[in-house]
1. When you look at ASN131, is it over 22 Å from the mean Cα position of the chain (by Cα) and more than 8 Å from the ligand (Cβ to nearest atom), yes or no?
2. Only one of GLY183, GLY161, GLY193, GLY175 is within 14 Å of the ligand (Cβ to nearest atom) and more than 23 Å from THR275 (Cβ to Cβ). Can you tell me which?
3. Give just the number: which of (1) more than 12 Å from the ligand (Cβ to nearest atom); (2) in contact (Cβ under 8 Å) with a residue 40 or more places away in the chain does ASP138 not satisfy?
4. In region 256-270, how many residues are within 14 Å of the ligand (Cβ to nearest atom) and either at pLDDT 95 or above or in a loop (DSSP other than H, G, I, E, B) (or both)?
5. Out of all the residues in region 233-255, which are over 18 Å from LEU48 (Cβ atoms), within 16 Å of the ligand (Cβ to nearest atom) and in a helix (DSSP H, G or I)?
6. Quick check on region 117-131: of everything there that is farther than 11 Å from ALA155 by Cα and of a type in the set (Ser, Thr, Tyr), which residue is surrounded by the fewest Cβ atoms within 10 Å (Cβ to Cβ)?
7. Would you pick out the residues in region 101-151 that are modelled with pLDDT under 95 and basic (Lys, Arg)?
8. Given the condition modelled with pLDDT under 95 and away from the ligand (no atom under 15 Å from the Cβ), answer yes or no: does some residue in region 199-209 qualify?
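The values are calculated or read from the model by the stated rules, or taken from the named source; none is laboratory data. In this text the structure is predicted, and so the values were computed from the model without any measurement. Cβ sites come from the backbone with ideal geometry, for glycine too, and all protein chains shown count toward neighbours.
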Amino acid sequence: MVLGDLGNQISSALAAMSNTTIINEETVNNLLKEVGNALSKADVSMNLIIQMRKNIKDKIKLDQMAAGLNKKKIIREVVFEELIKLLDPGVPAWKPVKGKPNVVMFVGLQGAGKTTSVTKLAFFYKSKGWNTAMVCADTFRAGAFDQLRHNATKAGIPYYGSEEVKDPVMVAKKGVEIFKKEGAEIIIVDTSGRHKQDNELFEEMKQIETSIKPDNVIFVMDSSIGQAAYEQATAFKTSVKVGSIIITKMDGNSKGGGAISGVAATKSPIIFIGTGEHIPNLELFNAQTFVSKLLG
Ligand code: GDP
(Lines give C-alpha, C1' and ligand atoms only; values in the text may rest on other atoms or scores of the structure.)
Protein backbone atom coordinates (compact mmCIF):
# COMPACT_ATOMS: atom_id res chain seq x y z
CA MET A 1 0.00 0.00 0.00
CA VAL A 2 1.36 3.42 -0.92
CA LEU A 3 1.54 5.68 2.12
CA GLY A 4 -0.03 9.05 1.65
CA ASP A 5 -2.21 7.86 -1.22
CA LEU A 6 -5.35 9.92 -1.60
CA GLY A 7 -7.55 6.84 -1.43
CA ASN A 8 -6.02 5.68 1.84
CA GLN A 9 -6.51 9.07 3.43
CA ILE A 10 -10.15 9.24 2.43
CA SER A 11 -10.70 5.64 3.55
CA SER A 12 -9.18 6.45 6.95
CA ALA A 13 -11.40 9.51 7.29
CA LEU A 14 -14.47 7.39 6.48
CA ALA A 15 -13.32 4.69 8.88
CA ALA A 16 -12.86 7.29 11.64
CA MET A 17 -16.43 8.44 11.03
CA SER A 18 -17.71 4.87 11.13
CA ASN A 19 -16.03 4.35 14.48
CA THR A 20 -17.75 7.27 16.17
CA THR A 21 -20.94 6.55 18.06
CA ILE A 22 -22.79 9.75 17.37
CA ILE A 23 -23.12 11.30 13.95
CA ASN A 24 -23.65 15.03 14.21
CA GLU A 25 -22.62 18.22 12.40
CA GLU A 26 -19.21 18.01 13.99
CA THR A 27 -18.56 14.47 12.74
CA VAL A 28 -19.58 15.50 9.23
CA ASN A 29 -17.41 18.63 9.38
CA ASN A 30 -14.43 16.61 10.57
CA LEU A 31 -14.92 14.12 7.78
CA LEU A 32 -15.21 16.86 5.17
CA LYS A 33 -12.09 18.52 6.52
CA GLU A 34 -10.13 15.27 6.22
CA VAL A 35 -11.46 14.52 2.74
CA GLY A 36 -10.65 18.10 1.72
CA ASN A 37 -7.12 17.82 3.13
CA ALA A 38 -6.54 14.57 1.29
CA LEU A 39 -7.72 16.06 -2.01
CA SER A 40 -5.72 19.21 -1.43
CA LYS A 41 -2.56 17.17 -0.82
CA ALA A 42 -3.25 15.47 -4.14
CA ASP A 43 -3.32 18.97 -5.65
CA VAL A 44 -6.97 18.90 -6.56
CA SER A 45 -7.89 22.57 -6.94
CA MET A 46 -9.38 24.46 -4.00
CA ASN A 47 -12.41 25.41 -6.08
CA LEU A 48 -13.22 21.78 -6.78
CA ILE A 49 -12.73 20.86 -3.13
CA ILE A 50 -14.94 23.69 -1.88
CA GLN A 51 -17.61 22.74 -4.40
CA MET A 52 -17.40 19.09 -3.39
CA ARG A 53 -17.69 19.89 0.31
CA LYS A 54 -20.67 22.12 -0.37
CA ASN A 55 -22.36 19.41 -2.46
CA ILE A 56 -21.85 16.87 0.31
CA LYS A 57 -23.21 19.24 2.98
CA ASP A 58 -26.23 20.04 0.80
CA LYS A 59 -26.98 16.35 0.40
CA ILE A 60 -26.52 15.41 4.05
CA LYS A 61 -29.27 17.03 6.08
CA LEU A 62 -28.81 15.40 9.47
CA ASP A 63 -31.74 17.21 11.11
CA GLN A 64 -34.09 15.94 8.40
CA MET A 65 -33.01 12.33 8.60
CA ALA A 66 -35.51 10.04 10.27
CA ALA A 67 -34.34 8.20 13.35
CA GLY A 68 -33.24 4.72 12.49
CA LEU A 69 -31.73 5.73 9.15
CA ASN A 70 -28.22 4.49 8.66
CA LYS A 71 -26.54 7.89 8.60
CA LYS A 72 -23.05 6.50 8.23
CA LYS A 73 -24.07 4.56 5.16
CA ILE A 74 -25.75 7.60 3.63
CA ILE A 75 -22.70 9.77 4.26
CA ARG A 76 -20.41 7.16 2.70
CA GLU A 77 -22.64 7.01 -0.36
CA VAL A 78 -22.67 10.78 -0.76
CA VAL A 79 -18.87 10.97 -0.52
CA PHE A 80 -18.68 8.15 -3.05
CA GLU A 81 -20.96 10.01 -5.49
CA GLU A 82 -18.97 13.20 -5.18
CA LEU A 83 -15.66 11.41 -5.80
CA ILE A 84 -17.17 9.97 -8.95
CA LYS A 85 -18.06 13.49 -10.01
CA LEU A 86 -14.44 14.55 -9.58
CA LEU A 87 -13.49 11.89 -12.10
CA ASP A 88 -15.89 13.30 -14.64
CA PRO A 89 -14.51 16.35 -16.44
CA GLY A 90 -17.88 16.85 -18.13
CA VAL A 91 -16.67 16.14 -21.65
CA PRO A 92 -17.42 12.90 -23.47
CA ALA A 93 -14.60 10.44 -24.01
CA TRP A 94 -13.06 10.59 -27.49
CA LYS A 95 -14.21 7.94 -29.92
CA PRO A 96 -12.67 7.14 -33.30
CA VAL A 97 -14.79 7.74 -36.38
CA LYS A 98 -15.28 5.00 -38.97
CA GLY A 99 -14.31 5.58 -42.59
CA LYS A 100 -11.41 7.97 -41.96
CA PRO A 101 -7.93 7.72 -40.49
CA ASN A 102 -7.95 8.55 -36.77
CA VAL A 103 -4.54 9.64 -35.58
CA VAL A 104 -3.83 9.13 -31.88
CA MET A 105 -0.70 10.46 -30.20
CA PHE A 106 0.51 9.03 -26.88
CA VAL A 107 2.45 11.17 -24.40
CA GLY A 108 3.84 10.50 -20.94
CA LEU A 109 7.03 10.09 -18.97
CA GLN A 110 9.39 7.18 -19.52
CA GLY A 111 8.24 4.10 -17.68
CA ALA A 112 4.64 5.29 -17.42
CA GLY A 113 3.56 2.45 -19.67
CA LYS A 114 3.17 4.24 -23.00
CA THR A 115 4.53 1.63 -25.38
CA THR A 116 2.66 -1.13 -23.59
CA SER A 117 -0.57 0.88 -23.66
CA VAL A 118 -0.11 1.77 -27.36
CA THR A 119 -0.11 -1.93 -28.16
CA LYS A 120 -3.01 -2.63 -25.80
CA LEU A 121 -5.13 0.09 -27.39
CA ALA A 122 -4.22 -0.98 -30.93
CA PHE A 123 -5.13 -4.55 -30.02
CA PHE A 124 -8.39 -3.41 -28.39
CA TYR A 125 -9.52 -1.72 -31.61
CA LYS A 126 -8.16 -4.48 -33.82
CA SER A 127 -10.25 -6.98 -31.86
CA LYS A 128 -13.29 -4.83 -32.57
CA GLY A 129 -12.60 -4.97 -36.31
CA TRP A 130 -10.79 -1.67 -36.82
CA ASN A 131 -7.90 -1.49 -39.21
CA THR A 132 -5.13 -0.42 -36.81
CA ALA A 133 -1.45 0.54 -37.06
CA MET A 134 1.35 1.63 -34.73
CA VAL A 135 4.18 4.15 -35.25
CA CYS A 136 7.29 4.40 -33.07
CA ALA A 137 8.34 8.06 -32.84
CA ASP A 138 10.51 7.39 -29.81
CA THR A 139 13.97 7.85 -31.22
CA PHE A 140 15.35 8.91 -27.83
CA ARG A 141 15.44 5.64 -25.93
CA ALA A 142 17.64 2.92 -27.36
CA GLY A 143 15.52 -0.17 -27.78
CA ALA A 144 12.21 1.67 -28.02
CA PHE A 145 11.61 0.66 -31.62
CA ASP A 146 12.57 -2.93 -30.87
CA GLN A 147 10.05 -3.01 -28.03
CA LEU A 148 7.28 -1.62 -30.22
CA ARG A 149 8.18 -4.00 -33.06
CA HIS A 150 8.12 -6.94 -30.67
CA ASN A 151 4.73 -5.91 -29.21
CA ALA A 152 3.20 -5.15 -32.60
CA THR A 153 4.35 -8.48 -34.02
CA LYS A 154 2.93 -10.31 -31.04
CA ALA A 155 -0.40 -8.52 -31.47
CA GLY A 156 -0.35 -8.94 -35.26
CA ILE A 157 -0.51 -5.20 -35.91
CA PRO A 158 1.32 -3.35 -38.72
CA TYR A 159 3.99 -0.97 -37.42
CA TYR A 160 6.43 1.64 -38.63
CA GLY A 161 9.67 2.94 -37.16
CA SER A 162 13.27 3.59 -38.13
CA GLU A 163 16.63 2.47 -36.78
CA GLU A 164 18.49 5.17 -38.69
CA VAL A 165 16.38 8.31 -38.65
CA LYS A 166 16.90 10.13 -35.37
CA ASP A 167 14.39 12.93 -35.93
CA PRO A 168 11.17 11.85 -34.15
CA VAL A 169 9.08 14.39 -36.06
CA MET A 170 10.15 12.94 -39.40
CA VAL A 171 9.48 9.38 -38.27
CA ALA A 172 6.05 10.26 -36.89
CA LYS A 173 5.08 12.14 -40.05
CA LYS A 174 6.30 9.40 -42.38
CA GLY A 175 4.59 6.64 -40.40
CA VAL A 176 1.26 8.46 -40.31
CA GLU A 177 1.49 9.21 -44.05
CA ILE A 178 2.22 5.59 -44.91
CA PHE A 179 -0.67 4.21 -42.87
CA LYS A 180 -3.08 6.87 -44.10
CA LYS A 181 -2.28 5.79 -47.65
CA GLU A 182 -2.79 2.17 -46.68
CA GLY A 183 -6.24 3.00 -45.35
CA ALA A 184 -5.60 2.42 -41.65
CA GLU A 185 -8.47 3.67 -39.53
CA ILE A 186 -6.58 4.02 -36.27
CA ILE A 187 -2.95 5.11 -36.35
CA ILE A 188 -1.36 5.19 -32.92
CA VAL A 189 1.87 7.14 -32.51
CA ASP A 190 4.15 6.31 -29.59
CA THR A 191 6.46 9.12 -28.53
CA SER A 192 9.51 9.31 -26.35
CA GLY A 193 9.50 10.03 -22.64
CA ARG A 194 12.17 11.20 -20.23
CA HIS A 195 12.72 10.28 -16.64
CA LYS A 196 11.56 13.71 -15.62
CA GLN A 197 9.64 16.54 -17.16
CA ASP A 198 12.02 18.61 -19.26
CA ASN A 199 11.73 21.32 -21.85
CA GLU A 200 13.34 19.33 -24.59
CA LEU A 201 10.68 16.64 -24.24
CA PHE A 202 7.80 19.11 -24.32
CA GLU A 203 9.28 20.93 -27.32
CA GLU A 204 9.52 17.58 -29.11
CA MET A 205 5.88 16.75 -28.26
CA LYS A 206 4.72 20.12 -29.63
CA GLN A 207 6.59 19.59 -32.88
CA ILE A 208 5.19 16.10 -33.36
CA GLU A 209 1.69 17.36 -32.61
CA THR A 210 2.02 20.19 -35.14
CA SER A 211 3.33 17.77 -37.72
CA ILE A 212 0.84 14.90 -37.43
CA LYS A 213 -2.23 16.84 -36.20
CA PRO A 214 -3.60 14.06 -34.00
CA ASP A 215 -7.34 13.62 -33.54
CA ASN A 216 -6.68 12.69 -29.94
CA VAL A 217 -3.71 13.02 -27.58
CA ILE A 218 -3.66 10.43 -24.81
CA PHE A 219 -1.71 11.15 -21.65
CA VAL A 220 -0.43 7.96 -20.00
CA MET A 221 -0.04 8.16 -16.27
CA ASP A 222 1.36 5.58 -13.85
CA SER A 223 -1.23 5.03 -11.12
CA SER A 224 1.43 5.07 -8.43
CA ILE A 225 2.78 8.59 -9.02
CA GLY A 226 0.57 10.00 -6.24
CA GLN A 227 1.15 13.63 -5.49
CA ALA A 228 3.26 14.30 -8.59
CA ALA A 229 0.20 13.66 -10.75
CA TYR A 230 -1.17 17.17 -10.97
CA GLU A 231 2.08 18.83 -11.93
CA GLN A 232 2.97 16.13 -14.44
CA ALA A 233 -0.42 16.20 -16.11
CA THR A 234 -0.40 20.00 -16.20
CA ALA A 235 3.02 20.03 -17.84
CA PHE A 236 1.82 17.79 -20.67
CA LYS A 237 -1.49 19.59 -21.01
CA THR A 238 0.23 22.97 -21.45
CA SER A 239 2.43 21.57 -24.22
CA VAL A 240 -0.04 19.53 -26.24
CA LYS A 241 -3.80 19.20 -26.51
CA VAL A 242 -4.26 16.27 -24.13
CA GLY A 243 -7.78 14.93 -24.68
CA SER A 244 -7.83 11.61 -22.80
CA ILE A 245 -6.01 9.76 -20.06
CA ILE A 246 -4.96 6.15 -19.59
CA ILE A 247 -4.00 5.16 -16.03
CA THR A 248 -1.59 2.24 -15.97
CA LYS A 249 -0.56 -0.39 -13.43
CA MET A 250 -3.89 -0.50 -11.65
CA ASP A 251 -3.11 -4.16 -10.92
CA GLY A 252 -0.39 -3.02 -8.51
CA ASN A 253 -0.61 -1.69 -4.97
CA SER A 254 -1.62 1.80 -5.85
CA LYS A 255 -5.23 2.82 -5.53
CA GLY A 256 -4.81 5.45 -8.19
CA GLY A 257 -5.66 8.62 -6.28
CA GLY A 258 -3.50 10.57 -8.72
CA ALA A 259 -6.18 9.96 -11.32
CA ILE A 260 -8.39 12.65 -9.77
CA SER A 261 -5.55 15.14 -10.07
CA GLY A 262 -4.90 14.01 -13.65
CA VAL A 263 -8.51 14.69 -14.60
CA ALA A 264 -8.51 18.03 -12.77
CA ALA A 265 -5.28 19.13 -14.46
CA THR A 266 -6.16 18.08 -17.99
CA LYS A 267 -9.96 18.45 -17.89
CA SER A 268 -9.91 15.19 -19.84
CA PRO A 269 -11.67 11.92 -19.15
CA ILE A 270 -9.90 8.72 -18.23
CA ILE A 271 -10.74 6.29 -21.02
CA PHE A 272 -8.92 3.10 -20.04
CA ILE A 273 -6.96 1.59 -17.19
CA GLY A 274 -4.03 -0.77 -17.59
CA THR A 275 -4.39 -3.85 -15.41
CA GLY A 276 -1.31 -5.91 -16.22
CA GLU A 277 1.73 -6.27 -18.41
CA HIS A 278 0.00 -8.29 -21.11
CA ILE A 279 -1.65 -7.01 -24.26
CA PRO A 280 -5.27 -7.82 -23.32
CA ASN A 281 -4.84 -6.20 -19.86
CA LEU A 282 -6.70 -3.02 -20.72
CA GLU A 283 -10.12 -2.19 -19.31
CA LEU A 284 -12.59 0.52 -20.18
CA PHE A 285 -12.61 3.06 -17.40
CA ASN A 286 -15.54 2.87 -15.03
CA ALA A 287 -15.71 5.62 -12.41
CA GLN A 288 -17.79 3.55 -9.95
CA THR A 289 -15.40 0.62 -9.94
CA PHE A 290 -12.48 3.00 -9.75
CA VAL A 291 -13.79 4.86 -6.69
CA SER A 292 -14.68 1.55 -5.01
CA LYS A 293 -11.06 0.52 -5.40
CA LEU A 294 -9.86 3.94 -4.28
CA LEU A 295 -11.76 3.58 -1.04
CA GLY A 296 -11.35 -0.18 -0.78
P1 GDP B 1 7.06 3.67 -21.51
O2 GDP B 1 8.48 4.00 -21.17
O3 GDP B 1 6.11 4.73 -21.03
O4 GDP B 1 6.85 3.33 -22.95
O5 GDP B 1 6.69 2.39 -20.62
P6 GDP B 1 6.57 0.85 -21.02
O7 GDP B 1 5.38 0.61 -21.85
O8 GDP B 1 7.87 0.36 -21.53
O9 GDP B 1 6.25 0.21 -19.59
C10 GDP B 1 7.16 0.29 -18.51
C11 GDP B 1 6.98 -0.96 -17.64
O12 GDP B 1 5.69 -0.95 -17.07
C13 GDP B 1 7.07 -2.25 -18.44
O14 GDP B 1 7.77 -3.19 -17.66
C15 GDP B 1 5.63 -2.68 -18.63
O16 GDP B 1 5.47 -4.06 -18.75
C17 GDP B 1 5.01 -2.17 -17.35
N18 GDP B 1 3.57 -1.88 -17.48
C19 GDP B 1 2.92 -1.06 -18.35
N20 GDP B 1 1.60 -1.05 -18.12
C21 GDP B 1 1.37 -1.88 -17.06
C22 GDP B 1 0.20 -2.27 -16.33
O23 GDP B 1 -0.94 -1.86 -16.57
N24 GDP B 1 0.41 -3.15 -15.30
C25 GDP B 1 1.66 -3.63 -14.97
N26 GDP B 1 1.75 -4.47 -13.95
N27 GDP B 1 2.75 -3.26 -15.64
C28 GDP B 1 2.64 -2.40 -16.67
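1. yes
2. Answer to the check: GLY161.
3. (1)
4. 2
5. Once the filter is applied, which keeps residues that are over 18 Å from LEU48 (Cβ atoms), within 16 Å of the ligand (Cβ to nearest atom) and in a helix (DSSP H, G or I), region 233-255 yields ALA235, PHE236.
6. The selected residue is TYR125.
7. Within region 101-151, ARG141 is the sole residue that qualifies.
8. yes
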